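Below: the structure, in structure tokens.
The values are calculated or read from the model by the stated rules, or taken from the named source; none is laboratory data. On a predicted model such as this, the values are computed, not experimentally measured, just so you know. Note that we place each Cβ from the backbone using ideal geometry, even for glycine, and neighbour counts take in every protein chain shown. Side chains are part of the model used for accessible areas, which takes the heavy atoms of the whole protein and leaves out ligands, DNA and RNA. Shrake-Rupley method; radii C 1.70, N 1.55, O 1.52, S 1.80 Å.
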Amino acid sequence: MVTTASTTSAPVAPNAPLRGRRSPLASVGLHATLVVASVIAVFPVLWVLLTSLKPAAYATSTDFVKDTTLANYTNLLNDTPFLTWFANSLLVAGLTTVIGVFVAATTGYAVSRFRFPGKRGLMWTLLITQMFPVAVLIVPIYNIMSSMGLLNQPVGLVITYLTIAVPFCAWMMKGFFDTIPREIDESGQVDGLTPFGTFWRLILPLAKPGIAVTAFYSFVTAWGEVAYASAFMVGDENLTLAGGLQKFVNQYGAQWGPMAAASVLIAIPAALVFLFAQRHLVTGVSAGAVKG
């Protein structure tokens with residue numbers, strides 16, 4: 001008769017430390033660090049918000065609440081071309097987002113799925129264009145836009161912002177499309193779909209996380225950019241928000257109240273876009289980063 005050894009494990013002592021359990025001191029330190037980091041992150045936003053509610057005489061004071069008023073907002077909306085600047089920025093950012101998403105998605109899909117002459121060169125070009133700083137590109141782009149008559153035109157800014165957003169987004173979308181099985185493309189071909197039909201009807205619905213990240217990046221790129229907007233646009237009726245805010249600062253001083261109020265209003269569209277895309281951001285960024 002064969003006997004088998006008992007496989008029961010030895011009992012664990014009640015006071016034995018468990019792997020992964022933090023000590024009380026480590027837990028307190030972690031939570032204290034998170035609280036400090038949260039305060040550091042929130043404080044500038046809170047300071048701008050409170051400054052926008054202060055009268056001009058107390059704009060630079062350290063009092064958090066001093067004679068709260070909405071005068072800065074009413075003056076900004078009624079006495080300045082802020083709404084015109086806002087509309088110009090919304091137009092430019094909206095066009096950049098829509099066109100940028102379409103171009104980046106189609107480019108990423110083509111590079112991910114097809115083989116064609118110059119594919120490697122195209123990918124290197126998309127990568128290399130990200131290495132040039134704004135200070136190097138602003139003069140040649142200005143000359144190109146001037147020769148094409150696109151200075152002081154929203155379409156000129158849209159084209160400029162697309163040169164910034166599309167290369168990065170195309171790389172990211174390519175990495176995301178690599179995670180989608182090619183069998184889906186083959187099933188579309190069996191059903192008689194064209195390559196674009198397969199992309200539009202089968203692949204694109206599966207790429208919502210990547211599309212969300214691309215849309216968010218394109219919008220923020222156009223919404224918050226300053227250098228090109230200040231160099232390419234002149235005249236109150238043509239300025240975007242980036243150029244319009246500079247009107248509140250001159251050699252004699254700064255109008256901190258209206259500027260703070262404008263900053264608060266400017267942040268609202270970006271926050272709304274972020275809230276709309278936030279559930280897809282982590283998935284889209286991680287997929288594009290891992291497979292890119």
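Every residue, every condition in (1) touching a Pro at 6+ places or on another chain (Cβ under 9 Å); (2) within 22 Å of L241 (Cβ to Cβ); (3) free of Cβ contacts under 8 Å to residues at least 40 places away in the same chain, yes or no:
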position: T51; (1), (2), (3): no, yes, no
position: D67; (1), (2), (3): yes, no, yes
position: Y73; (1), (2), (3): yes, yes, no
position: L77; (1), (2), (3): no, yes, yes
position: T84; (1), (2), (3): no, yes, no
position: S89; (1), (2), (3): yes, yes, no
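I'm trying to understand the selection: among the residues of the range 210-244, which are polar (S, T, N, Q), surrounded by fewer than 22 Cβ atoms within 10 Å (Cβ to Cβ) and under 17 Å from the mean Cα position of the chain (by Cα)?
Here is the first cut: in the range 210-244, the residues polar (S, T, N, Q) are 214, 218, 221, 230, 238, 240.
This time we only want the ones that are surrounded by fewer than 22 Cβ atoms within 10 Å (Cβ to Cβ), so: 221, 230, 238.
Across the range 210-244, the qualifying residue is only T221.
May I ask you to list the residues in the range 134-156 that are within 24 Å of the chain's Cα centre (by Cα) and polar (S, T, N, Q)?
Narrowing the range 134-156 to residues within 24 Å of the chain's Cα centre (by Cα): 134-138, 141, 153-156.
Correct list: Q153 only.
Could you check the range 84-141 and list, in sequence order, the residues that are touching a Lys or Arg at 6+ places or on another chain (Cβ under 6 Å) and either small (G, A, S) or closer than 22 Å to A271 by Cβ (or both)?
If the condition is that a residue be touching a Lys or Arg at 6+ places or on another chain (Cβ under 6 Å) and either small (G, A, S) or closer than 22 Å to A271 by Cβ (or both), then G108, S112 are the ones that fit.
Inspect the range 246-255 for any residue being at pLDDT 80 or above, touching a strand residue (DSSP E or B) at 6+ places or on another chain (Cβ under 7 Å) and assigned to a helix (DSSP H, G or I) and give the result as yes or no.
Among the residues of the range 246-255, at least one is at pLDDT 80 or above, touching a strand residue (DSSP E or B) at 6+ places or on another chain (Cβ under 7 Å) and assigned to a helix (DSSP H, G or I), which makes the answer yes.
Could you go through the range 201-209 and let me know if any residue there is touching a residue at least 40 places away in the same chain (Cβ under 8 Å) and open to solvent by 40 Å² or more (accessible area, probe 1.4 Å).
Yes, there is a match, as at least one residue in the range 201-209 is touching a residue at least 40 places away in the same chain (Cβ under 8 Å) and open to solvent by 40 Å² or more (accessible area, probe 1.4 Å).
Tally time: how many residues in the range 135-154 are open to solvent by 60 Å² or more (accessible area, probe 1.4 Å) and either hydroxyl-bearing (S, T, Y) or within 22 Å of L91 (Cβ to Cβ) (or both)?
6
Considering only the range 37-147, give the helices (runs of 4 or more DSSP H) lying wholly within it that have at least 1 residues that are under 29 Å from F176 (Cα atoms), of a type in the set (G, A, S) and at pLDDT 90 or above.
Result: 82-113.
From G20, G29, grab the single residue that is farther than 30 Å from T69 by Cβ, at pLDDT 75 or above and small (G, A, S).
Numbers: G20 fails: at pLDDT 75 or above.
One residue alone meets the criteria, G29.
Only one of L272, L265 is open to solvent by 30 Å² or more (accessible area, probe 1.4 Å), modelled with pLDDT of 85 or more, in contact with a Phe, Trp or Tyr (Cβ under 8 Å, 6 or more places away or on another chain) and assigned to a helix (DSSP H, G or I). Can you tell me which?
L265
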